[in-house]
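Take a look at the structure set out below.
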Amino acid sequence: MAKRGKSGGRSSQRATAGVIEVPKGTRPEGPVEGVYYVDTGDCELIADQDNSNGWLLKINGVMSSHIDLADPLFLDFEYMRWMAALIESRWPPRSGKGGGKAVAPTAGGAEKLRGLHLGGGACSLARYFHAAYPEARQVVVELDGRLAEYVRGWFDLPKAPLLRLRVGEAREVTETLTPDSRDFIIRDVFAGSLTPRPLTTAEFNDHIQRVLAPGGIYVVNSGDAPDLKNAREDAATIAAAFRYTVIIADPAMLKGRRYGNMVMAGSDSPLDGDPQLARRLLGGAVPAHIWNDAQVRAFAANSPVRHDPPAPSIER
């Protein structure tokens, strides 16, 4: 099945040996290669052999994240670059920041974006957006409290209130948030090769819509096999909730020729009106296409919208 965050050329990275024990209640001071026990299993920190400042993070054997300690604007995983490009097309960062072409300073408070990341990993995108939008306020929701502590110690993340790590289950946390309180929400949560079903239903999308501010964007990482069944159902459910949608992926993935990831997004405002976005996506190391709303709905046309299971009946 599709691997979370799998990036080309990473399968040859050497495995590390040995388990590193960090006393409970303490935080490591900087990254050290090794296997670490976390609340949900184990994680492995691997030095990037192609980048002296780079680190790769595996969680329970699945490649999860890449960090460049010297350059937070460097995103090694293609799907993260696509997510960043989409958000920057809506809110261009100030000149010289971000991964796209430099633009003039923007009005409307783009620097003060409010972001929610469902799924933490190494906080690669949160670090990126902090560098691109220094005044942004971001919350990263991570199920694994021990992993969150490790990541804080390894990667010198921005401090609260610029970046808060909140330990909890993504849906439970989302349901508690204030309406209209986030400009973008990113879903990048996996259990094995797929996103847990409670985070993919129409009912969950109702909570996402409630939390998003007008003009906000919901962006998801949808992993799938070549049959694209999961991706079609994900797309159908997002399309049922949002007026405008897009899908970003490389041509082989869109044609069902490999395992991999698609980036999907929904909003109450159009998402594909920026011609620079399409050019930026094509110009990456892994060229990607963007499907507009009509193409997304055609892709999902014969697939069911996912729903929560019925509440159990109470016998009297």
Checklist entry - Got a sec? Which residues in the stretch 188-228 would a label at residue 240 touch, if it sits 7 Å along Cα→Cβ and we count backbone N under 12 Å? => result 200-206
Checklist outcome for this item: Karplus ³J(HN,Hα) for the stretch 269-278 (6.51 cos²θ - 1.76 cosθ + 1.60, θ = phi - 60°; Hz, whole; x = Gly/Pro) runs 10, x, 10, 10, x, 9, x, 5, 4, 4
Item to check | Label-point separation in nm, residue 191 to residue 27, each point 7 Å along Cα→Cβ | outcome: 2.9
Checklist entry - Rounded to the nearest 0.05, what FRET efficiency is calculated for residue 213 and residue 307 with R0 set to 25 Å and r the Cβ-Cβ distance? => result 0.45
Checklist entry - Taking the Cβ-Cβ separation of residue 282 and residue 19 as r and a Förster radius of 45 Å, what is the calculated FRET efficiency to the nearest 0.05? => result 0.55
Next on the checklist: Can you give me the C-alpha center-to-center distance between the stretch 126-156 and the stretch 220-277, rounded to a whole angstrom?
Outcome noted: 25
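Looking at the stretch 78-299, send over the antiparallel percent of its DSSP beta bridges, to the nearest 5.
If we restrict to bridges inside the stretch 78-299, about 45 percent are antiparallel.
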Checklist entry - Under Stokes-Einstein, with the Kirkwood radius over Cα pairs standing in for Rh, what whole-number D in µm²/s applies to the stretch 97-243 at 20 °C and 1.002 mPa s? => result 133
Item to check | Ordering of 33-39, 248-254, 63-69 by burial proxy (mean other Cβ atoms within 10 Å per residue, highest first) | outcome: 63-69, 248-254, 33-39
Checklist entry - Once you treat every alpha carbon in the chain as an equal point and sum by Debye, what is log10 I(q)/I(0) at q = 0.08, 0.16 Å⁻¹? => result -0.34, -1.46
Next on the checklist: Given N residues in the stretch 167-291, what is its alpha carbon radius of gyration divided by 2.2 N^0.38 Å?
Outcome noted: 1.06
Item to check | Candidates 266, 153, 18: whichever shows maximal mean-square fluctuation once the chain is modelled as a Gaussian network with Cα springs under 10 Å | outcome: 18
Next on the checklist: If the only charges are +1 at each Lys and Arg Cβ and -1 at each Asp and Glu Cβ, what is the size of the charge dipole of the stretch 78-299 around the Cα centre, to the nearest 20 debye?
Outcome noted: 500
Checklist outcome for this item: By the mean-Cβ-within-10 Å protection proxy, highest first, 76-88, 196-208, 228-240 rank as 76-88, 228-240, 196-208
Next on the checklist: Once you place label points 7 Å from the Cα toward the Cβ at residue 180 and residue 225, how far apart are they in nm?
Outcome noted: 4.5
Checklist entry - Given R₀ = 22 Å, FRET efficiency for residue 164-residue 111 by Cβ-Cβ distance, to 0.05? => result 0.75
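Read-outs: derived from the displayed coordinates by stated rules, not from any lab. Small disclaimer: the values here were computed from a predicted structure and weren't measured. So basically every Cβ, Gly included, is an ideal-geometry build from the backbone, and we count neighbours across all protein chains shown.
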